Amino acid sequence: MTETANDELIELGRTTGAYGFKGWVRVEPIDSGEVLEHVRDWVLIDLAGTRTPVHVKGLRRHGTGFIAKWDGCESKEVAEKIRVKVFVARADFPEAGDDAVWAVDVIGCRAVNREGADLGEIVAIGSNGAQDLFDIAWKNAEGKTEHFFIPNVKDVYVLELDTEHKRAVFDWDPEWR
């Protein structure tokens, strides 16, 4: 990966210590880890903000996370000291697939209903165990930010996700907030 000033880095996980004796590092993904499985050029950022680009030459699923191997990390002692956040340049993400978008691209979208009434802004995507939920932030009459959730159910609640124009259309009444 060639990192430029225009590359938007997206946090996708963190390291949690060594695995074995040959420099493998445990990585806990923030989400499913799908991007980490497909993109091998990562940027590690420590608490001081130091960026270290690495090319992952080995990656395996391990429990709910991964174990990863890259050049420069050749021993358990070195791997144990690596306590960083793991980032990937947004430009390096693979295609999301047909009729799919990456969650990171939905954050910041303006949420409106089918009549065009403003519902707020998508600030996060969570889960209730059965489905993903759009976390919508909106200002109440007193100007305070409140949140409500819309289930990610295509053609029932989710009518359109236009990440290019940062707009999401839902079948949702503002009174349901």
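Need the failing condition index for Phe21 against (1) touching a Lys or Arg at 6+ places or on another chain (Cβ under 9 Å); (2) surrounded by 18 or more Cβ atoms within 10 Å (Cβ to Cβ); (3) at pLDDT below 95, just the number.
(2)
Which of (1) under 30 Å from Val169 (Cα atoms); (2) open to solvent by 40 Å² or more (accessible area, probe 1.4 Å); (3) assigned to a helix (DSSP H, G or I); (4) not basic (Lys, Arg) is the odd one out, the single condition Leu36 does not satisfy?
For Leu36, the failing item is (2).
Return the only residue of Gly126, Gly120 being closer than 17 Å to Gly33 by Cα, open to solvent by less than 40 Å² (accessible area, probe 1.4 Å) and either part of a strand (DSSP E or B) or of a type in the set (Phe, Trp, Tyr) (or both).
None of the others qualify; the one that does is Gly126.
Return the residues of the range 73-103 that are outside any loop (DSSP other than H, G, I, E, B) and not aliphatic (A, V, I, L, M); say none if nothing qualifies.
Lys76, Glu77, Glu80, Lys81, Lys85, Phe87, Arg90, Asp92 - these are the residues of the range 73-103 that are outside any loop (DSSP other than H, G, I, E, B) and not aliphatic (A, V, I, L, M).
Take the residues of the range 79-106 that are open to solvent by 60 Å² or more (accessible area, probe 1.4 Å) and of a type in the set (A, V, I, L, M, F, W, C): which is farthest from Glu164 (Cα to Cα)?
Ala91
Counting only residues that are among the acidic types (Asp, Glu) and under 20 Å from the mean Cα position of the chain (by Cα), which one in the range 132-159 is most open to solvent (accessible area, probe 1.4 Å)? Full working, then the answer.
First, pick out the residues of the range 132-159 that are among the acidic types (Asp, Glu): 132, 135, 142, 146, 155.
Checking the rest, the ones that are also under 20 Å from the mean Cα position of the chain (by Cα) come to 132, 135.
On the way: Asp132: 76, Asp135: 25 Å².
By that ranking, first place goes to Asp132.
Only residues in the range 164-177 that are among the aromatic types (Phe, Trp, Tyr) count as the first member; pair them with residues that are open to solvent by 90 Å² or more (accessible area, probe 1.4 Å) and part of a loop (DSSP other than H, G, I, E, B), Cβ under 9 angstrom, at least 6 apart or cross-chain, and list the lot.
Matching pairs, first to second residue: Phe170/Arg114; Trp172/Arg114.
Can you find a residue in the range 64-71 that is farther than 23 Å from Glu95 by Cα, acidic (Asp, Glu) and at pLDDT below 95?
yes
The values are calculated or read from the model by the stated rules, or taken from the named source; none is laboratory data. Note that the structure is predicted; figures quoted are calculated from it, not measured. As a convention, Cβ positions derive from the backbone with ideal geometry for all residues, glycine included, and neighbour counts pool all protein chains shown. Protein only, heavy atoms only, side chains kept; ligands, DNA and RNA dropped before computing areas. Shrake-Rupley method; radii C 1.70, N 1.55, O 1.52, S 1.80 Å.
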